[in-house]
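What follows is a short report on a single structure.
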Amino acid sequence: MIEKIYLASPHMSDEGYEMKYIQQAFDTNWIAPLGENVNEFEKELATKVGVKSAAALSAGTAAIHMALKAAGVGEGDIVFCQDLTFSATSNPIIYQNATPVFIDSDYKTWNMDPVVLEEAFEKYPNVKAVLVVHLYGFSADIDKILEICKKHNVVLIEDAAESLGTLYKGQYTGTFGEYGVFSFNGNKIITTSGGGMLVSNNEERIAKVRFWSTQARDKARHYQHSELGYNYRMSNILAGIGRGQLKVLDQRIAKKKYIFEFYKRELGELEGVQFMPINEWNEPNYWLSCMTLTGQVRPIDIMETLEKENIESRPIWKPMHMQPFYEDFDFIGKGISEKIFENGICLPSDTKMTDEDLSRVVEVIKRLWK
Ligand SMILES: *Cc1c(COP(=O)(O)O)cnc(C)c1O
């Protein structure tokens, strides 16, 4: 069988940084609870992206949940949530017994459309938070969204799970809103096998999230609880992987960019092909190379052809307003997210791919145009 090419798989450092931190944890028996790797990973990531404070958690989903809770989102509150995303963005709104209203994307960014967001405030003046996503490692037009949030006095939460290392006007995504969320799930740009991080310049709120995430134990000798707790902290072993991975983040971004440019050069001129939007104010991390197809060749044709060659690819996220689970919730927009979903495809963007692998992918795809 010809070797499999993955969409995006874990890629540990050549230098073995991750094992060094894991070994330290073993040597000092700081397997649990928490420990130096967790504290240092939080500090190192906060320093990297330029925020005051970070809490290492068991998943990006947990980080979104804690961001909503920290923002005071509770029963019956409305949250404006980007429609075109993974369900992990919106599910925590339901965990908090709040109500998502889904906001369409625009073609310019594929992310939340600021014009639609402004319209949504006319229909729902009382909103607790806005949850924007930076899909596939390129960014939303965050200045415009931030301005609207400020005008309406609403907390902005950035789901930057896919965009660690992405710059918007020279500043890292995840650091514009009151809260930013990163994920270290297995296929993300760097991974801890599973994990997440909540960042904020509000140190008091981050301290509170650490408290909730360790079962909300009050300061007392006995087990005393005045609030609902969660078991959401990252293990010290996994934080060790994260510290090692953080050292190669910029290396991974450079390779992801190389992959994107390779595809764009080789496939960009094919009839009906358009690559994901990269605006002049945006320096993406290029997590996944994505394109839309509006000619004869459909995304499913490419996916099926690649699959036969043992090459992984996948559709764009199916919008939340089209999900059976969310059918009773409101959606505001003009069907742009749906169009991107119907026409879009994510190409294999694994950083371990060689030029030979990339050529293999490109040749298989090009055959469909002949
Ligand atoms: C991966 C991802 C998440 C969830 O992160 P986990 O660490 O897997 O819980 C949330 N939002 C988006 C957009 C993601 O891609």
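The values are calculated or read from the model by the stated rules, or taken from the named source; none is laboratory data. Not measured: the values here are computed from a predicted model. Reconstructed Cβ throughout: ideal geometry from the backbone, glycine too, with neighbour counts over all protein chains shown. To get the accessible areas, we keep the full protein, side chains included, count just its heavy atoms, and leave off ligands, DNA and RNA. Shrake-Rupley method; radii C 1.70, N 1.55, O 1.52, S 1.80 Å.
What to note about this one:
- Taking label points 7 Å from Cα along the Cα-to-Cβ direction, Lys48 and Asp250 give a separation of 1.2 nm.
- Over the chain: helical MRE at 222 nm, DSSP H runs n ≥ 4 each giving -39500 (n - 2.57), nearest 500: -11500 deg cm²/dmol
- In this structure the amide hydrogen of Met112, modeled in the peptide plane, comes within under 5 Å of the amide hydrogens of Val133, none closer than 5 places in sequence on its chain.
- Spatial separation of Cα centroids for segment 1-40 and segment 116-155, in angstrom: 36 Å
- Per residue accessible area in Å² of the chain, where ligands, DNA and RNA are left out and the probe is 1.4 Å: 43 Å²
- With DNA, RNA and ligands ignored, accessible area of Ile2 (1.4 Å probe; Å², nearest 10): 90 Å²
- Relative contact order computed over segment 249-369 (Cα-Cα under 8 Å; 6+ residues apart), in percent: 33 percent
- Using the Cβ-Cβ distance between Gln296 and Arg265 with R0 set to 25 Å, the FRET efficiency works out to roughly 0.70.
- For Glu312, neighbours were defined as the other residues whose beta-carbon sits under 14 Å from its Cβ, and their charges (Lys and Arg +1, Asp and Glu -1) total -1.
- Max mean-square fluctuation residue, GNM over the chain, Cα-Cα springs under 10 Å, options Thr85, Thr109, Thr47: Thr47
- Subtracting the Cα-Cα distance of Asn279 and Asn153 from 0.36 nm times their residue separation leaves 42.6 nm of extension gain.
- Sequence-distant lysines (8 or more away, or on other chains) whose Cα lies within less than 22 Å of Lys52: Lys43, Lys69, Lys150, Lys169, Lys208, Lys247
- Shape call, segment 1-110: gyration tensor on alpha carbons, a/c limit 1.5: oblate
- Accessible area of the chain belonging to carbon and sulfur atoms, whole % at 1.4 Å probe: 50 percent
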